[in-house]
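The values are calculated or read from the model by the stated rules, or taken from the named source; none is laboratory data. Nothing here was measured: the structure is a model prediction, and the numbers come from that model. Please note: Cβ atoms are built from the backbone with ideal geometry, for glycine as well, and neighbour counts cover all protein chains shown. Note: areas computed on protein heavy atoms with side chains; ligands, DNA, RNA excluded. Shrake-Rupley method; radii C 1.70, N 1.55, O 1.52, S 1.80 Å.
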Amino acid sequence: NTYGVYAKKGTLNIEGGKYSAETSAVQIAEATVNISGGEFSNTASDKRYTINCIDANWKNGTAKVNITGGKYTDFNPANNAAEGAGTNFVADGYQAAETAAGVWEVVPEGAHYVANAEQLKDALTQDEEFIIVELSNDVTYDVAAWENDAMGGASTKTITINANNNTI
């Protein structure tokens with residue numbers, strides 16, 4: 001198929017699933033697409049159209065994309081060329097982080113990506129109001145050591161750990 005999803009009109013909310021196609025995983029005409037989860041890729045050699053709006057509709061504002069989550073293979077939703085150099089589909093308050101070679105994930109701004117015990121300790125001992133940890137791998141950490149490591153700092157109000165199907 002040329003498109004995994006074709007959003008012609010209205011509003012489409014994508015919360016999960018896997019989307020891949022020859023040209024675009026998601027193609028937007030006169031619609032608003034909100035992506036909060038899922039995995040997106042395309043099989044073309046030119047990956048810049050993984051998420052794509054029809055150019056005329058993008059320019060006149062009838063094609064919109066708001067990304068607050070998901071994984072994107074060989075496509076950075078915060079800095080791509082789908083609608084010209086520097087196209088950013090990521091919503092305010094979110095960021096795209098490369099979590100593996102060529103794989104971008106969208107998470108809240110300021111999130112700490114954790115792949116091992118050292119990174120987990122570093123993230124959990126920050127003096128930030130809201131500490132957000134995103135696990136990108138299973139992490140083994142000796143909990144006995146936690147009694148020696150203060151969690152958060154003087155300004156920390158909450159600590160959120162998103163396991164992303166991984167295990168601590």
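Brief remarks follow.
- In the chain the longest region clear of GluC sites (Glu not before Pro) that are loop-assigned by DSSP and have at most 14 other C-beta atoms within 10 Å covers 23-108.
- Classified by the C-alpha gyration tensor, region 58-111 has an oblate form. Its axis ratio a/c, with a ≥ b ≥ c, is 1.5 or above, and a/b does not exceed b/c.
- Dividing the summed -39500 (n - 2.57) terms of all DSSP H runs of n ≥ 4 by the residue count of the chain sets its mean residue ellipticity at 222 nm at -2000 deg cm²/dmol.
- Highest mobility in the GNM of the chain, judged by mean-square fluctuation with C-alpha springs under 10 Å and restricted to Asn60, Asn13, Asn137, is found for Asn60.
- Bridge orientation summary for region 76-168: considering DSSP beta bridges with both residues in this region, about 45 percent are antiparallel.
- Listed values (i) 45, 35, 34; (ii) 57, 42, 26; (iii) 58, 29, 25, entry calculated as Cα extents along the principal axes in Å: (iii)
- Solvent-accessible heavy-atom area per residue, rounded to whole Å², over the chain at 1.4 Å: 53
- Among Asn148, Asn52, Asn88, the residue with the largest mean-square fluctuation in a Gaussian network model of the chain, with springs joining Cα atoms closer than 10 Å, is Asn148.
- Averaging the sequence gap over all C-alpha pairs within less than 8 Å and six or more residues apart, then dividing by the number of residues, gives the chain a relative contact order of 14 percent.
- Gain in span if fully extended, Lys8 to Met151, counting 0.36 nm per residue against the direct Cα distance: 46.7 nm
- Taking the inverse of the mean 1/r over every pair of distinct Cα atoms in region 109-160 gives a Kirkwood hydrodynamic radius of 11.2 Å.
- For Ile132, the residues whose amide H sits under 5 Å from its own are His112, Thr160, ignoring neighbours fewer than 5 places away on the same chain, with H placed 1.01 Å from N.
- Region 1-123 - percent of accessible surface contributed by carbon and sulfur, probe 1.4 Å: 43
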